[in-house]
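A.B. asks: This is the structure I have questions about; it appears just below.
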Amino acid sequence: MNIFLFILIVLSMFIFMEVVTWFTHKYIMHGFLWYLHKDHHQPSGTVFQKNDAFFLIFAIPSWLCIMLGLQAKNYPVAAIGFGIALYGLGYFIVHEVIIHQRFKWFTRSNNTYVRTIRWAHKMHHKHLEKEDGESFGMLWVAKKYWQKIRADKKRNKQRQELATSAY
Ligand SMILES: [Zn+2]
Ligand SMILES: [Zn+2]
């Protein structure tokens, strides 16, 4: 199989998984599987959350695609599995590490994109209950959150300029 086609499938799957995650989060986790997701909105203080079960739920199809795809030399199927796995890794880094800081690996970033995804997810967590949520995606965020962070940064910069020009 052509390596570029393989990479294209992996990347397409990565993007597709953002859509799957948004849908799953909005309609399933905040739907009939709320009992697994609830402790992510109302933390119980334990190291592991019931919500972490979703990693397993997504890991199973990924692992099956990789294993069966490689065994049958069906590389498009294996590429789909790798795409899901890559998204899982990205989700882990963005959601667990950068946003929730469950591991203190990175210090707070001032990068506009990082601040925007953190703010958008913070707005998601503002809602403690199953209903009336907002911002269910992870890597793709709505324009209004970008605008808020850009406006914040602009205001801070102006304040700094005013402060320095006062001397
Ligand atoms: Zn949620
Ligand atoms: Zn969260």
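The values are calculated or read from the model by the stated rules, or taken from the named source; none is laboratory data. Predicted model only: the values in this text are computed from it and were never measured. Neighbour counts are summed over all protein chains in view; Cβ atoms, including those assigned to glycine, are modelled from backbone coordinates with ideal geometry.
A.B. asks: How many residues are more than 15 Å from ligand 1 (Cβ to nearest atom) and more than 23 Å from Met13 (Cβ to Cβ) when one looks only at the range 45-62?
C.D. replies: 4
A.B. asks: Name the residues in the range 102-147 that are away from ligand 2 (no atom under 13 Å from the Cβ) and among the aromatic types (Phe, Trp, Tyr), would you?
C.D. replies: Phe103, Trp105, Phe106, Tyr113, Trp140, Tyr145, Trp146
A.B. asks: Further, regarding this structure: So which residues in the range 125-139 are in contact (Cβ under 8 Å) with a residue 40 or more places away in the chain and either in contact with a Leu (Cβ under 7 Å, 6 or more places away or on another chain) or surrounded by 13 or more Cβ atoms within 10 Å (Cβ to Cβ) (or both)?
C.D. replies: His125, His127, Lys130, Gly133, Phe136, Gly137, Met138, Leu139, listed by residue number.
A.B. asks: Report every pair of residues separated by at least 6 positions or lying on different chains whose Cβ atoms are under 9 Å apart, first residue within the range 23-41 and under 13 Å from Phe55 (Cβ atoms) and more than 9 Å from ligand 1 (Cβ to nearest atom), second of a type in the set (Lys, Arg) and assigned to a helix (DSSP H, G or I).
C.D. replies: Every condition considered, the pairs that remain are Leu36/Lys50.
A.B. asks: Also, I was wondering about something else. Please give the number of the condition Val47 fails out of (1) among the β-branched types (Val, Ile, Thr); (2) at pLDDT below 95; (3) part of a helix (DSSP H, G or I); (4) over 18 Å from the mean Cα position of the chain (by Cα).
C.D. replies: Just one mismatch for Val47, condition (3).
A.B. asks: Looking at this structure, is Ile28 more than 16 Å from ligand 2 (Cβ to nearest atom) and assigned to a helix (DSSP H, G or I)?
C.D. replies: Answer is no for this residue.
A.B. asks: Let me ask something else. Go through Gly45, Gly69 for me and flag whichever is farther than 17 Å from Phe136 by Cβ, within 16 Å of ligand 2 (Cβ to nearest atom) and among the small types (Gly, Ala, Ser).
C.D. replies: Gly45 is the lone residue from the list that is farther than 17 Å from Phe136 by Cβ, within 16 Å of ligand 2 (Cβ to nearest atom) and among the small types (Gly, Ala, Ser).
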